[in-house]
Amino acid sequence: MDVVNRTTEEPRDLAAALAALAASRGESRALRAELEETNHGVLALYSELELQAEQLREATELKSRFLAYMSHEFRTPIGSIRSIARLLLDHVDGPLTPEQERQVGFIQQTSAEFAEMVDDLLDLAKVEAGRVEISPGWFEMVDLFSALRGMFKPVLTNAEVHLVFEEPQDIPKLYTDDRKLSQILRNFVSNALKFTPRGEVRVSVERVDGDRVRFCVRDTGIGIAPEFHASIFEDYSQVQSSLQKRLRGTGLGLSLSKRLAELLGGGVAVASEPGKGSVFSLTIPAQLDAP
Ligand code: ADP
């Protein structure tokens, strides 16, 4: 009885299994086709993305070349304007009337701002094009601070603001690009002096995490509202304030500083409270690794 039943059921099981197999084959064929289609779609999207990335690279390269070319071409005429203004103010061709003196002074100041803007643009274009060379060397922090102190002495025109460089304590000899480091600190200090009507601008350096150093430029100036803390490090970014309106700048200094800090293997940060002051800091490795 048993035997008879099994023999009649077996073909039925087999047929059912075959049908299930055929169905699952069909399903997997459909799935494969769907996968292939998706794959094609992804590939098409990928090549479109590649194309767009290439176009973006080209546009960035063009923009950098244009900026570098323009900035370079601007340098010579600005240099001439500044030299002529200086000659006039030095009374090389005879005395000026007080009104002429005022007007030539204005030309000199504006052309100095223009020159600064062109320098920042050129530097930014170089960084973007990856053409900034980092040349590390050994130097003592004391020497860099004293060079900075010397540079700022002639521009300290506001008697109500003191610029203080703290004596570096326990700072090892640094091995990094001192010119780039100096450029970042100069930018922090000149901003601090610009936005501090009275009080103090204090520059200090400390050791952090053993092998890094942190520079801080603290001021007792107008401060920056928290919503601007991130954006001031972007190109052309400026905070809207009444003092800002009177002080022209490019809005490029901090973004350039941020990029230079990254090239030195570190970063920049800000802590600030409106009305109380700001602290701009730069943290970099005390010794830059050989590339
Ligand atoms: P700018 O040429 O305008 O100074 P920066 O990139 O150096 O360009 O600075 C961007 C903006 O950040 C400034 O315009 C100013 O609004 C703000 N800022 C920078 N440093 C200070 C500071 N020490 N105190 C207050 N505001 C500052």
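Can you find, within segment 249-271, the residue that is surrounded by the fewest Cβ atoms within 10 Å (Cβ to Cβ) among those that are in a helix (DSSP H, G or I) and more than 8 Å from the ligand (Cβ to nearest atom)? Step through it out loud before you land on a result.
Taking segment 249-271 as the starting set, the residues that turn out to be in a helix (DSSP H, G or I) are 253-263.
Now restrict to residues that are more than 8 Å from the ligand (Cβ to nearest atom): 258-263.
Numbers: Lys258: 19, Arg259: 21, Leu260: 25, Ala261: 22, Glu262: 13, Leu263: 16.
The extreme case among them is Glu262.
So, of the residues in segment 155-171 that are over 22 Å from Phe139 (Cα atoms) and of a type outside the set (Ser, Thr, Tyr), which turns out to be surrounded by the most Cβ atoms within 10 Å (Cβ to Cβ)? Steps first, please.
Taking segment 155-171 as the starting set, the residues that turn out to be over 22 Å from Phe139 (Cα atoms) are 155-163.
With of a type outside the set (Ser, Thr, Tyr) added as a condition, the list becomes 155-156, 158-163.
On the way: Val155: 11, Leu156: 13, Asn158: 13, Ala159: 7, Glu160: 9, Val161: 18, His162: 14, Leu163: 21.
So, considering only residues that are over 22 Å from Phe139 (Cα atoms) and of a type outside the set (Ser, Thr, Tyr), the one surrounded by the most Cβ atoms within 10 Å (Cβ to Cβ) is Leu163.
Take the conditions free of Cβ contacts under 8 Å to residues at least 60 places away in the same chain and either within 16 Å of Val213 (Cα to Cα) or open to solvent by 70 Å² or more (accessible area, probe 1.4 Å) (or both) and apply them to Phe152. Does it pass? Full working, then the answer.
Values: free of Cβ contacts under 8 Å to residues at least 60 places away in the same chain: yes; either within 16 Å of Val213 (Cα to Cα) or open to solvent by 70 Å² or more (accessible area, probe 1.4 Å) (or both): no.
No: the conditions fail for Phe152.
For segment 77-129, which positions are at pLDDT 90 or above, of a type in the set (D, E, K, R) and part of a helix (DSSP H, G or I)?
Arg82, Arg86, Glu99, Glu101, Arg102
Residue check: is Phe139 free of Cβ contacts under 8 Å to residues at least 40 places away in the same chain and open to solvent by 30 Å² or more (accessible area, probe 1.4 Å)?
On the way: free of Cβ contacts under 8 Å to residues at least 40 places away in the same chain: yes; open to solvent by 30 Å² or more (accessible area, probe 1.4 Å): no.
So Phe139 does not fit the description; no.
Looking only at segment 180-218, which residues are more than 21 Å from Leu263 (Cβ to Cβ), in a strand (DSSP E or B) and either open to solvent by 20 Å² or more (accessible area, probe 1.4 Å) or not assigned by TED's automatic domain parsing to the domain that holds Val142 (or both)?
Selection gives Gly199, Glu200, Arg202, Glu206, Arg207, Arg218.
Tally the residues that are in a helix (DSSP H, G or I) and under 19 Å from Ala261 (Cβ atoms), restricting the search to segment 136-146.
As a first pass, look at segment 136-146 and keep what is in a helix (DSSP H, G or I): 141-146.
Now restrict to residues that are under 19 Å from Ala261 (Cβ atoms): 141, 144-145.
Total satisfying the criteria: 3.
The values are calculated or read from the model by the stated rules, or taken from the named source; none is laboratory data. Not measured: the values here are computed from a predicted model. Here Cβ is always computed from backbone atoms with ideal geometry, including for glycine, and neighbour counts include all displayed protein chains. Keep in mind that these areas ignore ligands, DNA and RNA; they rest on the heavy atoms of the full protein, side chains included. Shrake-Rupley method; radii C 1.70, N 1.55, O 1.52, S 1.80 Å.
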